[in-house]
Amino acid sequence: MDIAVLGYGVVGSGVAEVISLNEKKITDKLGGERINVKYILDLRKFPGDKNEDKIIDDFNIILNDGDVKIVAEAMGGLHPAFEFVSSCLKAGKSVVTSNKELVAEKGDILLETAKENNVNFMFEASVGGGIPVLRPIIQCLAGNDIDEVAGILNGTTNFILSKMIFDSMSFEDALKLAQEKGYAEKDPTADIEGFDACRKICILAALCFGSHVYPKTVYTEGITKITLEDVEYVRSWGGVIKLLGRAKKAGDKISAMVTPALVKNSSILSGVNGVYNAVLVRGNAVGDVAFYGQGAGKMATASAVVGDIIDCAQNIGKNKGIGWNKAADGAVIDISETETSLYVRASGCKDSSLEKAKEIFGDITVLSRDNAPEDEFAFVTPEGKEGALREKLEKLDGTELLSVIRTVNY
């Protein structure tokens, strides 16, 4: 069976490599039918590459070749990826992708197009790299009403926070190290500001709850304001700070966000370190299920793409029915309506400020760290709606808020 690969970067070259490396295994799974990479679309030239003779720069060659039944999109970005993928689906070609931005922004449209043309649009590699998580949600947990999904969805930020927690490395130094090791891009904005994790939680929420969730509707906050002082105070609380993507049912709506959060040491998420990812799914029948593994990397991501290629090859001429509804207006509630407790670090007259905090919030948990300045203090509030907690914070007269971070109870 002929396939084409769009893009010959890290993921695209990995897809070709995995197909070559595991040719016999893949052929056996397809009952003796071999997957043949017929075309690779890229504007660049790759002299001396073993796939040099397959590289073309005209997308229409792929689009008009009726023998190409499956296309793997590994270009990244929204345009022209959306136009290319949409055209392939309309031409009767199934498409697989690792492009989280494409799925988060246009997944509802592309899944509907696939259904209309009796082909498939699959995207296992768009969340968690090589971690099998989307297919288990679709298939293995199909008998559950899923109430909540959450996780560490970005390896770059998890690596940075791990260095801050275990090596007392500043955010700036940890980011620089991540870039030196190839875990962070030269421009790391999408990672450290939470945009990458936002796209992934949108995809997870859509699969779990059945309606498209646009990234622009999800409150997103990165890790650039996290300091070593915060890390030390949270250690005295008995936990760590992680960047979490979260989505939860809230009546007939959902709450969804990406933010740093305090996680207790007893949580499975506290032990997910380095570039690893983890996803927790909470179903009404199965309870809590966790998926863990490397969230990125050439071969791990390519492995997931090839898995989707095999699935498409086994379902030629049959749409698998994967899909979700269009986004509903106001489906995602404002973050002020979500339930949480807040970690607060501030400066001011310590004793009087803490007494005032107790009057305002009630039973606060006071935290400590070594060598803290005399005018610095930290505490964790009781649970409540975030909007109400923020209003109470404004009543802490004579103090300067240095840091406010949400807590979770996973």
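Would you compute, from DSSP H runs of 4+ residues alone, the mean residue ellipticity of the chain at 222 nm, taking -39500 (n - 2.57) per run and dividing by the full residue count, rounded to the nearest 500?
Helix-only estimate at 222 nm: -10000 deg cm²/dmol.
What per residue convex hull volume, in Å³, comes out for the chain when only alpha-carbon positions are used?
Roughly 144 Å³ of hull volume per residue.
Working out 0.36 nm times the residue gap between Lys392 and Leu78, then minus their Cα-Cα distance, what length gain in nm do you get to one decimal?
That pair, Lys392 and Leu78, stretches by 108.9 nm at full extension.
Rounded if a/c is under 1.5, else prolate if a/b is larger than b/c, else oblate: which is the range 39-136, with a ≥ b ≥ c the root eigenvalues of its Cα gyration tensor?
Verdict is oblate for the range 39-136.
If the reach is capped at under 20 angstrom between alpha carbons, list the aspartates and glutamates near Lys29, excluding any in the same chain fewer than eight residues apart.
Asp2, Glu17, Glu124, Asp308, Asp311
Trypsin sites (Lys or Arg not before Pro), restricted to the range 209-297: which are DSSP loop and have at most 16 other Cβ atoms within 10 Å?
Passing both the DSSP loop test and the Cβ count: Lys225.
Could you calculate the FRET efficiency of Ser236 with Val286 from 1/(1 + (r/R0)^6), where r is the beta carbon distance between them and R0 is 45 Å, rounded to 0.05?
In this case the efficiency is close to 0.80.
Expected output is a single nm value to one decimal: the length gained when fully extending between Lys318 and Glu359, i.e. 0.36 nm times separation in residues minus the C-alpha distance. What is it?
8.4 nm
If every alpha-carbon in the range 58-191 counts as one equal scatterer, what log10 I(q)/I(0) does Debye give at q = 0.14 1/Å?
The computed values of log10 I(q)/I(0) come out as -0.79.
Quick one: accessible surface of Thr217, probe radius 1.4 Å, all protein chains present, in square angstrom to the nearest 10.
About 60 Å², ignoring ligands and nucleic acids.
Which one of Val286, Val15, Val240 has the biggest mean-square fluctuation once the chain is modelled by GNM with Cα springs under 10 Å?
Val286
Gaussian network model of the chain, Cα springs within a sub-10 Å range: biggest mean-square fluctuation belongs to which of Val380, Val366, Val103?
Sorting by GNM fluctuation, first place goes to Val366.
Distance between Cα centroids, the range 145-172 to the range 210-243: provide it in whole Å.
8
Stretch Asn118-Asp187 to full length: gain in nm at 0.36 nm per residue minus the Cα-Cα span?
Answer, rounded to one decimal: 20.9 nm.
Rg (Å, one decimal) plus Dmax (Å, integer) for the alpha carbons of the range 360-410?
Final numbers for Rg and Dmax: 11.9, 34 Å.
Let's test the formula: R0 of 51 Å, r as the Cβ-Cβ distance of Lys176 and Leu63. What FRET efficiency results, to the nearest 0.05?
Efficiency, from the Cβ-Cβ distance: 0.75.
Check cross-link reach from Lys163 to the lysines: straight Cα distance under 27 Å, and skip same-chain residues fewer than eight apart.
Lys100, Lys176, Lys181, Lys186, Lys200, Lys225, Lys242, Lys264, Lys298
May I ask you to order 169-179, 121-131, 21-31 by the average number of other C-beta atoms within 10 Å around their residues, highest value first?
By packing density, highest mean first, the sequence is 121-131, 169-179, 21-31.
For the chain, what are the DSSP H helices with axial Cα length of 18 Å or more and mean Kyte-Doolittle hydropathy of at least -1.0?
100-116, 195-209, 298-313
The values are calculated or read from the model by the stated rules, or taken from the named source; none is laboratory data. The structure displayed is predicted, hence computed values, not measured ones. Note that we place each Cβ from the backbone using ideal geometry, even for glycine, and neighbour counts take in every protein chain shown. For accessibility, only protein heavy atoms count, side chains too; no ligands or nucleic acids. Shrake-Rupley method; radii C 1.70, N 1.55, O 1.52, S 1.80 Å.
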